[in-house]
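Step one of this worksheet: look at the structure below.
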């Protein structure tokens, strides 16, 4: 199950990055390391099987730019393959960006979904943020309970480590509260604008 979730996260990351611009494999590896490395361990060995699968599904295509004044036989070895998103790939990306279930707010997938929030609908963003907060609040309760049970039985270093973990989760919950507050305020503002625009529209009068 973990491997399947990881593959889904990598698929979203690859399609999202290629949606921004076509890239060759080496550039894509660097961008993925920056994107995924902040949230989870990224294995370079998992990238090319993922690209092969996306190619087989028709979600991406390979483009080998022609090099002027270079014999065709040498071009196939020297030129870099550039990966591009297809129309089907764009549709698949939009589908992934509408998913707001547990996989989108767990540790494995939250960071990548968050990285593409600018391409995600506002209601989906809010569900993911609220789901993430709920999950962390549950974790916070467990950490506090565990700390209360073991406080008197552990050494000072273990206690510091437990406190550090607790504070890290508390910080993320505060951060999520701020994001959720801004998202709700923005959605309310947009709803008010839409309502005012509708009210200001001239009504047709009967003759």
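Quick check: anything in the stretch 162-172 touching a residue at least 12 places away in the same chain (Cβ under 8 Å), over 28 Å from residue 112 (Cβ atoms), out of contact with any helix residue (DSSP H, G or I) (no Cβ under 6 Å at 6 or more places or on another chain) and surrounded by 10 or more Cβ atoms within 10 Å (Cβ to Cβ)? Yes, some residue in the stretch 162-172 is touching a residue at least 12 places away in the same chain (Cβ under 8 Å), over 28 Å from residue 112 (Cβ atoms), out of contact with any helix residue (DSSP H, G or I) (no Cβ under 6 Å at 6 or more places or on another chain) and surrounded by 10 or more Cβ atoms within 10 Å (Cβ to Cβ).
Name the residue, out of 167, 152, 99, 204, that is at pLDDT 90 or above and outside any helix (DSSP H, G or I).
Details: 167 fails: outside any helix (DSSP H, G or I); 152 fails: at pLDDT 90 or above; 204 fails: at pLDDT 90 or above.
Result of the check over 167, 152, 99, 204: 99.
Condition first: out of contact with any strand residue (DSSP E or B) (no Cβ under 6 Å at 6 or more places or on another chain), at pLDDT below 95, assigned to a helix (DSSP H, G or I) and assigned by TED's automatic domain parsing to the domain that holds residue 8. Can you find one or more residues in the stretch 56-71 that meet it? Checked against the condition, which is being out of contact with any strand residue (DSSP E or B) (no Cβ under 6 Å at 6 or more places or on another chain), at pLDDT below 95, assigned to a helix (DSSP H, G or I) and assigned by TED's automatic domain parsing to the domain that holds residue 8, the stretch 56-71 yields no hits at all. Just to be sure, is residue 159 without any contact (Cβ under 8 Å) to a residue 60 or more places away in the chain, farther than 28 Å from residue 10 by Cα and out of contact with any helix residue (DSSP H, G or I) (no Cβ under 9 Å at 6 or more places or on another chain)? Taking the combined requirement at face value, the residue does not satisfy it.
The values are calculated or read from the model by the stated rules, or taken from the named source; none is laboratory data. Since we're looking at a predicted model, the values are computed, not measured. Heads up, the Cβs are rebuilt from the backbone with ideal geometry, glycines too, and the neighbour counts pull from every protein chain shown.
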